[in-house]
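Q: Dropping the structure in here first, questions after.
The values are calculated or read from the model by the stated rules, or taken from the named source; none is laboratory data. Everything numeric in this text was worked out from a predicted model, so none of it was measured. Methodologically, a virtual Cβ is constructed for each residue, glycine included, from the backbone with ideal geometry; neighbour enumeration extends over all protein chains shown.
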Amino acid sequence: MDKNRFIADCMLGKLARWLRILSFDTQYVRYLTDAQLLAQARYQNRILLTKDSLLQKKAKNFGYLVRSETIDEQLKEILHHFQLRPNLALTRCPHCNFPLKTPDQNDPIPWAPLYVLRSFSNIKVCPQCGQTFWPGTHWNNIIKKLESINFHINE
Ligand SMILES: [Zn+2]
C-alpha cells in the first residue's frame, strides 16, 4: 500500500487541506457514507483517516484513528506516524486535491498579483477548479507552522 495516499472522513477537512498543501494525495468529500468511504479507501488504496473508532475497525488495515483534536496536533500525529516528508513545491490543489500544473505560454494568464506575474515560473494552476497558487507571504506562515510542530523542511 502506498503510504502517501489518504482519504479523510468528514471530521477531518482541515487536516485534508493541510496534507494537500504539503503535497500528499488526500481525498476529502463531505457527505460520503461510511460504506462509500470504506469502498473508496479499498479500491483506491488509500488510508482512511478517521475520528470514528468504529469506522476505523471496519476499515481494518486500511484505517487509521486520528487521536489528536487540534489541527496542529493532528498534522504532527500524521506526519510522524506515517513518516511523511512534506514537500512545499505546490504539487496538489488544496481545494480539490487535483495535481497542479505550471501554465504554459498558450494558457490564458491566470489571475495573480503583478509581482507574482513578473516571476511567472512560480505560478501553478489547478486544471480542475481553475484557481491559481503561488508561494506568497502565507508560505512563511506554513513553514513556521511546520517548525512549531518540530518539522523542518529541506528546501
Ligand atoms: Zn483545484
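Q: Would you point out which residue out of Leu100, Leu38, Leu15 is under 23 Å from Ser148 (Cβ atoms), surrounded by 13 or more Cβ atoms within 10 Å (Cβ to Cβ) and out of contact with any His (no Cβ under 6 Å at 6 or more places or on another chain)?
A: Among Leu100, Leu38, Leu15, only Leu15 is under 23 Å from Ser148 (Cβ atoms), surrounded by 13 or more Cβ atoms within 10 Å (Cβ to Cβ) and out of contact with any His (no Cβ under 6 Å at 6 or more places or on another chain).
Q: Moving on to the next point. Quick check: anything in segment 94-115 modelled with pLDDT under 90, away from the ligand (no atom under 16 Å from the Cβ) and in a helix (DSSP H, G or I)?
A: Scanning segment 94-115 turns up at least one residue that is modelled with pLDDT under 90, away from the ligand (no atom under 16 Å from the Cβ) and in a helix (DSSP H, G or I).
Q: In segment 26-39, what residues are at pLDDT below 95 and under 23 Å from Leu84 (Cα atoms)?
A: Residue satisfying the conditions is Val29 alone.
Q: Looking at Leu48, Leu55, can you tell me which residue is more than 24 Å from Ile142 (Cβ to Cβ) and assigned to a strand (DSSP E or B)?
A: Of the residues listed, the single one that is more than 24 Å from Ile142 (Cβ to Cβ) and assigned to a strand (DSSP E or B) is Leu48.
Q: Sticking with this one: So, of the residues in segment 126-150 that are free of Cβ contacts under 8 Å to residues at least 24 places away in the same chain and not hydroxyl-bearing (Ser, Thr, Tyr), which turns out to be nearest to Leu84 (Cα to Cα)? Can you show your working first?
A: Start the filter on segment 126-150 by keeping residues that are free of Cβ contacts under 8 Å to residues at least 24 places away in the same chain, which leaves 130, 132, 136-138, 140-141, 144, 147.
With not hydroxyl-bearing (Ser, Thr, Tyr) added as a condition, the list becomes 130, 136, 138, 140-141, 144, 147.
Details: Gly130: 28, Gly136: 24, His138: 22, Asn140: 20, Asn141: 20, Lys144: 18, Glu147: 15 Å.
Result: Glu147.
Q: Another question, if that's okay. Among (1) on the phi > 0 side of the Ramachandran plot; (2) touching a Leu at 6+ places or on another chain (Cβ under 6 Å), there is one condition Gln74 misses while meeting the rest; what is its number?
A: (1)
Q: Six or more apart or on different chains, Cβ atoms under 9 Å: show the pairs whose first residue is in segment 74-95 and within 17 Å of Ala8 (Cα to Cα) and whose second is assigned to a strand (DSSP E or B) and of a type in the set (Ser, Thr, Tyr).
A: That search, which allows pairs on different chains as well, returns Ile78/Tyr64; His81/Tyr64; Phe82/Tyr64; Arg92/Thr26.
Q: Let me ask another. Hey, Ser68 hits all of (1) among the small types (Gly, Ala, Ser); (2) assigned to a loop (DSSP other than H, G, I, E, B); (3) touching a Gly at 6+ places or on another chain (Cβ under 9 Å) but one; which does it fall short on?
A: It fails just one condition, (3).
Q: Taking segment 15-45 as the region of interest, how many residues are under 30 Å from Asn140 (Cα atoms) and either assigned to a helix (DSSP H, G or I) or in contact (Cβ under 8 Å) with a residue 40 or more places away in the chain (or both)?
A: 14
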